Number of protein chains: 2
Amino acid sequence: MGYSDTDKLAINTIRVLAADATAHANSGHPGAPMGMAPVAHVLWNKFLRFNPKNPKWLGRDRFVLSNGHACMLQYALLHLYGYALSIDDLKAFRSVDSITPGHPESHDTPGIEVTTGPLGQGICNAVGLAMAQAHTAAVFNKPGFDLIDNYTYCFLGDGCLMEGVSSEASSLAGHLQLGNLIAVWDDNQITIDGSTEVAFTEDVVKRYEAYGWQVLTVGDGENDLDGIEAAIKKGQEEKTKPTLIKLTTIIGFGSKQQGTHNVHGSPLKPDDIKQLKEKFGFNPEESFAVPKNVYELCNEAASRGAKLEAEWNDLFAKYGEQHKAEHDDLVRRQTGDLPEGWEKSLPVYTPADPAVASRKLSEIVLNKIHQAIPELVGGSADLTGSNLTRWKDAVDFQPPSTKLGDYTGRYIRYGVREHAMGAIMNGLAAYGTIVPYGGTFLNFVSYAAGATRLSALSRVRVLWVATHDSIGLGEDGPTHQPIETLAHYRALPNNMVWRPADGNETSAAYYVALTSKHTPSVMAFSRQNLPQLEGSTIEKAIKGGYVLHEDETADITLVSTGSEVCICIDAIKELKEKHNIKARMVSIPCFEVFDLQDKAYRMSVLPDGIPSMSVEVMSTMGWERYTHEQFGLNRFGASGAYKDVYKKFEFTPEGIAKRAIATVNFWKDVPNIRSPINRAFQQMI
Amino acid sequence: MGYSDTDKLAINTIRVLAADATAHANSGHPGAPMGMAPVAHVLWNKFLRFNPKNPKWLGRDRFVLSNGHACMLQYALLHLYGYALSIDDLKAFRSVDSITPGHPESHDTPGIEVTTGPLGQGICNAVGLAMAQAHTAAVFNKPGFDLIDNYTYCFLGDGCLMEGVSSEASSLAGHLQLGNLIAVWDDNQITIDGSTEVAFTEDVVKRYEAYGWQVLTVGDGENDLDGIEAAIKKGQEEKTKPTLIKLTTIIGFGSKQQGTHNVHGSPLKPDDIKQLKEKFGFNPEESFAVPKNVYELCNEAASRGAKLEAEWNDLFAKYGEQHKAEHDDLVRRQTGDLPEGWEKSLPVYTPADPAVASRKLSEIVLNKIHQAIPELVGGSADLTGSNLTRWKDAVDFQPPSTKLGDYTGRYIRYGVREHAMGAIMNGLAAYGTIVPYGGTFLNFVSYAAGATRLSALSRVRVLWVATHDSIGLGEDGPTHQPIETLAHYRALPNNMVWRPADGNETSAAYYVALTSKHTPSVMAFSRQNLPQLEGSTIEKAIKGGYVLHEDETADITLVSTGSEVCICIDAIKELKEKHNIKARMVSIPCFEVFDLQDKAYRMSVLPDGIPSMSVEVMSTMGWERYTHEQFGLNRFGASGAYKDVYKKFEFTPEGIAKRAIATVNFWKDVPNIRSPINRAFQQMI
Ligand SMILES: [Ca+2]
Ligand SMILES: [Ca+2]
């Protein structure tokens, strides 16, 4: 305890920097940084373990700014404490190609753990980071080696608390008894629409107690530094509950407009900044000025952090002497490389093998590879028996007191919380020692759209096991049958959508998804059985698209994915036998990976001179990029036995043949048919 | 109070019908219907106001099954109480083209208010229905005429409570003091993964109290019929809080496997059904048998309902004598038709009018039309000042005690709760007297994907005012810049995506969105200013796509939407002046509406014989359907001033011209260029 004038100056420096940077950018959110400067100072100066010279030090505490619009707070901290973020970077706030974008992006900026801004996400990422700490500690810590013992701290605002995704994750965090998680709620009673009185009058304290959290209160978040410190300490001491600190603050503290929504999302006016600087003892003529003693104070904390890392490194070296395998495993995990030879565990199939649902093929993969990849940590949003995401004898990730598992457990019971699952997986992946996967029906990956887009943007390796991937789920009907989902996720940049047609393609999907360190995947699996295809191999399928059945004299190329490939193959027989039409067969289990192949290869798969038709039982959107004609389903499905549903919509050999014939006839007078992938210019990717 | 053996037999009849139908379909969820049969009986027999002969009677109570997988409960009730749902329909449960699909669909089945199944949605729809009741009552009720006084009842399960969307809506429902909402939580301690102990151990009672709900408890939901009745009564008596009844039940009550997750999602085995029927006094050799006295008991309730409607109709007729305008308005609203001549309020622009951001154009429309369309009820998810969704002098929809508005208010403060906003709008629209719209950034419509898909599936008129629709939002950066969003919603069946280029197109978007009674719309609006275009008219734009600038000798057709249309027009000048290339200009503000035009019209807009290129600053996915080449953004955006961001990605007249030239060159050797809309066969829609 005990805070000096320099502490107060450091706090006001953050406020002034936030005001300067938003004014300079003429854009941004000064209010929350100014209101939260005191708690940020106490946390970073007295508690947070970090080494600015090595932002990736495994032993560091994790800091998440869930109210990401307050990022000038974080940028100011990163600068003051000596991360590779200069005053010029602050001046470049919110300008193109800066490392200080309008919301924090983990891949852009050293010291940013997760990409935040879309409200509610950061607190869920923090839950994931805390779960990752608990798991990694349980697996790696040994007597005398409390290697993995960091806290995860999270700041969040009213908006984060209103978002349902944070409710989901907070309920789970309480269930999981995450004593290593400390969240600070910026209770400033203001949102964009004005007072929280207009829409947010619930009793948050009571709600978080209901989730099983410790809830603490600091009534004067602008001045009571000792109270803030005491609350954080109490959060650290509570070992079996996450902590929420209700910190009452004044948004835009120091501004003439403090306490109003006017300071939320707009820069302060020049005269307001002037009085602010004068009030806080800054020269109103100077901008982006940091007093020397503030730098010194922050440098001290940074030096303490560097020393902590050095000690940790010593401990880790000693750990390596006594626990070499674990040491090396932990080193390897942080590189993102999988254990050598893991891929030999992937199952390989021949056409003689029985027909199996691809969700079951996915389960077989998980059963085969989970021992080879110890960092694989999975779960499901309450559909374990349907998603088939739990390998035999898996241990559940649970607090030991529940007697349902323990923290070494690698299977997470997410409950019916798809969105939180997605956001938590982003946190699990960001921790650096875990490769997460999560199961639900493909249709309900959409519930998690807010999180999946951030997986892609922040370039984390997250795998969705998305079963029941089409009208092929049958009886559950249109409410559960995805139509638009693959188009949605195919349109999402840096996101792979896989829809394997058989066992080898399923292995290929897992191979590419697991070895793509910086790209998430949505893997779509069938409920219904699929035969093992003649001509499929893992090697071909990892190219994203390939010729399954070649015929140099073909009249048409059929192109398909997943459960429709085998129907197309029957259609090819039908075309040959009844209509004397010859067809090639192409399988494209993953657009994104196919697009990455060189043009010569892609043209060999989808050549000029022959018309093509795609077949997929969902939206045709996007298929025009690969084929001349599309047979799909641009309407909602139907409830019934899956074979009846396929028949209703004519996804049968006859229905496909009929449209293939129409395609051949329609294109027969066109000379020099161009392949659709033959384009005038390159896309910007 | 006081329940006879016939009541118990009616309850057991529901259980046996659920067992029979799921067994007959060999699919479905018997457990919840069997566990909730008692509360369903008490509610439907003693409380619910309904007339099976007129499922659309405005004065009816609304019943929502949020745990939609339990739909055999609802189908059994609909049958027993005399709705147009026969025993044969029950036998057709979960078969193609039945009116008894795997989850309840409001457009398929008389008596189903809203389409449920995706967990968490129904309770939010119920909040919307209750809000609609409160609003409609406040507007139309007069002294002596309590016309609109129904309750909304909702059943929900553990899954619904775990979903974040229900948290959002429940918090808002508490804030809004919806005393007309009574929810029954099927507390059976079971989810698909087994005991709720594995993931759901929060204190739900305390949480709902924190939201401001009245929470009541019935400990024996299988036998304590008097307790159930008392709880519902108490829910009715509480006028300023929604009520949650925690009803402890036994899933699959009567089955040998009752109380386990084995009865959740699979039919009972034959021997289990046999013992069930014997235990409940049914003939085990008979299926789908309903005792005569059960029909009689239910018929009595139905007759009481018919009488209630008759009385209501008398009251309404008297109301019409004293309040003719209101009477006629209420009659009209229920038809879905808008007031005659409302469209004359739509603003019309000429090129002389100033450049305005289309979000502002949207605000102008709202200001102009809100008086002409009294059923228009809007709101925003805490972005009112950015979305510009609130007309001048709007009254907020708030409990009068807050002094922030009252229930006649037509502006809803949703808080930062996009998903709940979407699901609540589905309920508002389903009530029958309201046309809802809601605002957020386009990027965050994705948070509501679970709800928007149900808007489309259930065919309700819901309008999204989705502002900040691209990288044009500028400084907020990639976390807030939609790339995949339009592709996602364009791929969603029965959903219109509008992206207007100027004022006339904005008016057209509203015109079509408001007059499409059975289709929701996502209207994407710019943050940045857009000029009023030469050649745009409302009449042309309501065709979804049209020629903005014709040139019979053109070398290329440029096709665009929204904020890129005016840049294309500058590119056309550039092409002409610097490269001697002539271009036609087509605007397609709405794919879905353009697709509905006849082929001759569409071919006149996108003719054969000329190459075409689309320009839109987001995913190119879907544009291949209309154009030969696509200039878009298949990567994430950047944080910076919007003009800098457009420049970075070359969305400038020069960048467009460069690609147009490449397109012309690439296609110049192709004879008889085919328009992409010229296809071999029709899509299934
Ligand atoms: Ca706030
Ligand atoms: Ca349950």
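Report yes if B:E418 is touching a residue at least 60 places away in the same chain (Cβ under 8 Å) and in contact with a helix residue (DSSP H, G or I) (Cβ under 8 Å, 6 or more places away or on another chain), otherwise no.
no
Taking the stretch B:223-244 only, how many residues are surrounded by 20 or more Cβ atoms within 10 Å (Cβ to Cβ) and within 28 Å of B:P267 (Cα to Cα)?
2
Looking at (1) surrounded by 23 or more Cβ atoms within 10 Å (Cβ to Cβ); (2) under 14 Å from the mean Cα position of the chain (by Cα); (3) more than 14 Å from chain A (Cβ to nearest Cβ), find the lone condition where B:L361 falls short.
Condition not satisfied by B:L361: (2).
How do the pairs read when you match residues in the stretch B:537-558 that are at positive phi with residues anywhere that are among the aromatic types (F, W, Y), using Cβ under 6 Å and keeping only pairs 6 or more apart or on different chains?
Sorted first by the residue in the stretch B:537-558, then by its partner, the pairs are B:G544/B:F594.
State yes or no: is A:I182 more than 16 Å from ligand 2 (Cβ to nearest atom) and surrounded by 22 or more Cβ atoms within 10 Å (Cβ to Cβ)?
yes
Within the stretch B:642-666, count every residue that is open to solvent by 20 Å² or more (accessible area, probe 1.4 Å) and either among the basic types (K, R) or at the interface with another protein chain (Cβ under 7 Å from one of its Cβ atoms) (or both).
So the answer is 8.
If I filter the stretch A:188-214 down to residues being within 28 Å of the chain's Cα centre (by Cα) and open to solvent by 20 Å² or more (accessible area, probe 1.4 Å), which single residue comes out as nearest to ligand 1 (Cβ to nearest atom)?
The residue in question is A:I192.
Let's see how each residue does on (1) within 16 Å of ligand 1 (Cβ to nearest atom); (2) without any contact (Cβ under 8 Å) to a residue 40 or more places away in the chain; (3) outside any helix (DSSP H, G or I):
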| site | (1), (2), (3) |
| --- | --- |
| B:T217 | no, yes, yes |
| B:G221 | no, no, yes |
| B:G227 | no, yes, no |
| B:I245 | no, no, yes |
| B:I250 | no, no, yes |
| B:S255 | no, no, yes |
| B:L268 | no, no, yes |
| B:K274 | no, yes, no |
| B:F282 | no, no, yes |
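Would it be correct to say that B:S386 is touching a helix residue (DSSP H, G or I) at 6+ places or on another chain (Cβ under 8 Å), part of a helix (DSSP H, G or I) and under 21 Å from A:S195 (Cα atoms)?
Yes: the conditions hold for B:S386.
If I filter the stretch B:466-479 for residues that are touching a strand residue (DSSP E or B) at 6+ places or on another chain (Cβ under 8 Å) and free of Cβ contacts under 8 Å to residues at least 40 places away in the same chain, do I get at least one hit?
no
Collect the residues in the stretch B:456-478 that are more than 13 Å from every other protein chain (Cβ to nearest Cβ) and open to solvent by 10 Å² or more (accessible area, probe 1.4 Å), keeping them in residue-number order.
B:V460, B:R461
Look at the stretch A:332-361 and say how many of its residues are within 18 Å of A:R461 (Cβ to Cβ), assigned to a helix (DSSP H, G or I) and not hydroxyl-bearing (S, T, Y).
5
Can you spot a residue in the stretch B:250-264 that is open to solvent by 30 Å² or more (accessible area, probe 1.4 Å), within 16 Å of ligand 2 (Cβ to nearest atom), more than 14 Å from every other protein chain (Cβ to nearest Cβ) and of a type in the set (S, T, N, Q)?
yes
Kindly provide the set of residues from the stretch B:61-89 that are more than 21 Å from the chain's Cα centre (by Cα) and touching a residue at least 40 places away in the same chain (Cβ under 8 Å), ordered by number.
Passing the criteria: B:M72, B:L73, B:Y75, B:A76, B:L77, B:H79, B:L80, B:Y81, B:G82, B:I87.
Given the criterion within 14 Å of chain B (Cβ to nearest Cβ), touching a Ser or Thr at 6+ places or on another chain (Cβ under 6 Å) and among the hydrophobic types (A, V, I, L, M, F, W, C), identify the matching residue among A:I412, A:I483.
Result: A:I483 is the single residue among A:I412, A:I483 that is within 14 Å of chain B (Cβ to nearest Cβ), touching a Ser or Thr at 6+ places or on another chain (Cβ under 6 Å) and among the hydrophobic types (A, V, I, L, M, F, W, C).
When you look at B:Y431, is it within 16 Å of B:S380 (Cα to Cα), of a type in the set (S, T, Y) and more than 14 Å from every other protein chain (Cβ to nearest Cβ), yes or no?
no
Can you tell me which condition A:R659 does not meet? The list is (1) more than 22 Å from B:T627 (Cα to Cα); (2) assigned to a loop (DSSP other than H, G, I, E, B); (3) among the basic types (K, R), and all the others hold.
Failed condition: (2).
Limited to the stretch B:386-410, what total is found for residues that are crowded, with 17+ Cβ neighbours inside 10 Å and closer than 26 Å to B:A448 by Cα?
Total meeting the criteria: 14.
Do the conditions hold for B:T350, that is, is it more than 30 Å from B:D502 (Cβ to Cβ) and open to solvent by 40 Å² or more (accessible area, probe 1.4 Å)?
no
What number of residues in the stretch A:570-621 are of a type in the set (K, R) and under 39 Å from the mean Cα position of the chain (by Cα)?
Of the residues in the stretch A:570-621, 3 are of a type in the set (K, R) and under 39 Å from the mean Cα position of the chain (by Cα).
Under 9 Å between Cβ atoms, at least 6 apart or on separate chains: pull out the pairs that start in the stretch B:193-205 with a residue that is touching a residue at least 40 places away in the same chain (Cβ under 8 Å) and within 19 Å of B:N262 (Cα to Cα) and end on any residue that is among the acidic types (D, E) and buried (at least 20 other Cβ atoms within 10 Å of the Cβ).
That search, which allows pairs on different chains as well, returns B:D193/A:D382; B:F200/A:D382; B:F200/B:D158.
Under 9 Å by Cβ, and 6 or more places apart or on different chains, what pairs join a residue from the stretch B:589-600 that is among the polar types (S, T, N, Q) with one that is open to solvent by 10 Å² or more (accessible area, probe 1.4 Å)?
B:Q597/B:K543
Among the residues of the stretch B:160-199, write down those that are at the interface with another protein chain (Cβ under 7 Å from one of its Cβ atoms), assigned to a helix (DSSP H, G or I) and hydrophobic (A, V, I, L, M, F, W, C).
B:M162, B:V165, B:L172, B:V198
Across the stretch A:541-555, what is the total count of residues that are under 28 Å from the mean Cα position of the chain (by Cα), outside any helix (DSSP H, G or I) and closer than 25 Å to A:Y646 by Cβ?
The qualifying residues number 1.
For B:S171, are the conditions met, namely being within 16 Å of ligand 1 (Cβ to nearest atom) and of a type in the set (S, T, N, Q)?
Spelling it out, B:S171 is indeed within 16 Å of ligand 1 (Cβ to nearest atom) and of a type in the set (S, T, N, Q).
Please go through the stretch B:494-515 and pick out each residue that is out of contact with any strand residue (DSSP E or B) (no Cβ under 6 Å at 6 or more places or on another chain) and open to solvent by less than 10 Å² (accessible area, probe 1.4 Å).
Listed by number, the residues that qualify are B:N495, B:P500, B:G503, B:N504, B:E505, B:T506, B:S507, B:A508, B:Y510, B:L514.
The values are calculated or read from the model by the stated rules, or taken from the named source; none is laboratory data. Remember, predicted model here, so these are calculated numbers, not experimental data. Methodologically, a virtual Cβ is constructed for each residue, glycine included, from the backbone with ideal geometry; neighbour enumeration extends over all protein chains shown. Calculation scope for accessible area: heavy atoms of the full protein, side chains included, ligands and nucleic acids excluded. Shrake-Rupley method; radii C 1.70, N 1.55, O 1.52, S 1.80 Å.
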